[in-house]
Amino acid sequence: MTGLGFNLMRTGRMSLRPETIRRRAELRKILDTLAAEEKQEVTP
Amino acid sequence: MKYLYFPGCSLKGTGKAYEESLLAVFRAVGVDLQEIDDWNCCGATAYMSVDEVQAFTLAARNLGLAEESATAEEGVIDVVAPCAACYLVLLKTQRYVAQHPDLKERVATGLGAVGLTYAGTSRVRHPLDVLVNDIGLQRIGQRVKQKLSGLKVASYYGCQIVRPFATFDSAYNPTSMDRLVTALGATPVIWPLKTRCCGGTLTGTIPEAGLRLNRILLNEAKRRGADMMVTVCPLCQFNLECYQNEINRQFQDNLRMPVIYLTQLIGQAFGLSDVELGLQRLFIPPARVPAAQEGGKAAHA
């Protein structure tokens, strides 16, 4: 499988630099909001 | 025609050639694909099995961003998702949110925390659907510069673009890709495995099962006389092309089947360059198409 990784890098199909989104905090806030809501629902 | 474009993670990585050829082909037929700003991963099938509400909400963020970027006059906005998994997740999100008020409310709460709304005015489309039903076979045929005569092509749809939601083609015997192949001058190979699953991520998690599934598909296409397979799913393309050495090693096969994206095939017929179509990224490049050999202009050098 080392060959596979090498070939992916050779053909520009795999990068060592991961793609990322700009507004990561926005995702965190969405997930935290949903988690807080769920917690409220299960708390008696 | 304006379409918003959701590339998904694969088209920025292992499926880069899919993005390159897709954008080139759509440009060639005068259709603008506008990438959704700051989109996030659709979560694929994995996230759905961890937490459905979170998964739906993050997928809905992309649809919300698409709707936010559209003007009121544009009305229903089409979101084009080329990756089969992204297409399915976004389509499932669109349908589930529309059908389940409780889910709709929770998604609205999550997105509302960052001032975003998802009204459901966007429509999730696969590029194959757009190519065949919006752009049309006639217009595509008119744009062909090098007919792919003599080339036998096995169209491989995979399992996700027509199941469980068969929105633009038959769930068990789709023909849209075959009709496109015919419009390019090539000959579609009749074979029964066009929607059989390639195993998805099984090649990584349970290789003995994943490799076997891909081996069955590749050998059947070969047995039916296919010169190449074409697909519209980046994971299918990756599995079918990149594991052929491993399949040959484990099963003493002698496979060397080119597996390319449908948009690369269309681009070849349009006379677009190899680089425009990302053909240099393939592990197993397709042979020169017969028409190109006769005409003297190589579709693939």
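When you look at residue A:2, is it surrounded by fewer than 10 Cβ atoms within 10 Å (Cβ to Cβ) and either of a type in the set (Ser, Thr, Tyr) or in contact with a His (Cβ under 7 Å, 6 or more places away or on another chain) (or both), yes or no? When the stated conditions are applied, residue A:2 passes them. Of the numbered criteria (1) within 14 Å of chain A (Cβ to nearest Cβ); (2) modelled with pLDDT of 95 or more, the one residue B:205 fails is (2).
In the set (1) closer than 26 Å to residue B:166 by Cβ; (2) without any contact (Cβ under 8 Å) to a residue 60 or more places away in the chain; (3) within 14 Å of chain A (Cβ to nearest Cβ), residue B:48 fails one condition alone, (3). The residues of the range B:162-197 that are buried (at least 18 other Cβ atoms within 10 Å of the Cβ) and at pLDDT below 95 amount to a single one, B:162. Scanning the range B:216-241 for residues that are without any contact (Cβ under 8 Å) to a residue 60 or more places away in the chain and either crowded, with 21+ Cβ neighbours inside 10 Å or within 14 Å of chain A (Cβ to nearest Cβ) (or both) gives B:218, B:239, B:241. Looking for something outside the structural domain of residue B:226 (by TED's automatic domain parsing), over 21 Å from the mean Cα position of the chain (by Cα) and acidic (Asp, Glu) - is there at least one such residue anywhere in the range B:71-78? Yes, that holds for at least one residue.
For the range B:11-40, give me the residue count where each residue is among the hydroxyl-bearing types (Ser, Thr, Tyr) and more than 10 Å from chain A (Cβ to nearest Cβ). Going through the range B:11-40 one residue at a time, the tally reaches 2.
Yes or no: residue B:71 closer than 22 Å to residue B:200 by Cβ and either surrounded by fewer than 22 Cβ atoms within 10 Å (Cβ to Cβ) or of a type in the set (Val, Ile, Thr) (or both)? Against the criterion (closer than 22 Å to residue B:200 by Cβ and either surrounded by fewer than 22 Cβ atoms within 10 Å (Cβ to Cβ) or of a type in the set (Val, Ile, Thr) (or both)), residue B:71 does not qualify.
Yes or no, residue by residue, for (1) more than 14 Å from chain A (Cβ to nearest Cβ); (2) within 22 Å of residue B:259 (Cβ to Cβ); (3) among the hydrophobic types (A, V, I, L, M, F, W, C):
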residue: B:105; (1), (2), (3): no, no, no
residue: B:108; (1), (2), (3): no, no, yes
residue: B:122; (1), (2), (3): yes, no, no
residue: B:125; (1), (2), (3): yes, no, no
residue: B:131; (1), (2), (3): yes, yes, yes
residue: B:152; (1), (2), (3): yes, yes, no
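Of the helices (runs of 4 or more DSSP H) entirely within the range B:209-286, those holding at least 2 residues that are within 15 Å of the chain's Cα centre (by Cα) occupy B:234-242, B:262-270.
Under the condition of being farther than 16 Å from residue B:83 by Cα, of a type in the set (Lys, Arg) and touching a residue at least 24 places away in the same chain (Cβ under 8 Å), the residues counted in the range B:1-45 number 1. Tell me, which residue of the range A:29-44 that is more than 21 Å from the chain's Cα centre (by Cα) and more than 9 Å from chain B (Cβ to nearest Cβ) is farthest from residue B:241 (Cα to Cα)? Checked the range A:29-44; the qualifying residue farthest from residue B:241 (Cα to Cα) is A:44. For the range A:4-28, the set of residues classified as farther than 15 Å from residue B:10 by Cα and facing chain B (nearest Cβ under 7 Å) consists of A:4, A:7, A:22, A:23, A:26, A:27, listed by residue number. Considering the range B:14-42, and only residues there that are under 14 Å from the mean Cα position of the chain (by Cα) and assigned to a loop (DSSP other than H, G, I, E, B), the residue that is surrounded by the most Cβ atoms within 10 Å (Cβ to Cβ) turns out to be B:15.
The values are calculated or read from the model by the stated rules, or taken from the named source; none is laboratory data. For clarity, every value in this text was computed on a predicted model and none was experimentally measured. We place every Cβ from the backbone using ideal geometry, glycine too, and count neighbours over all the protein chains shown.
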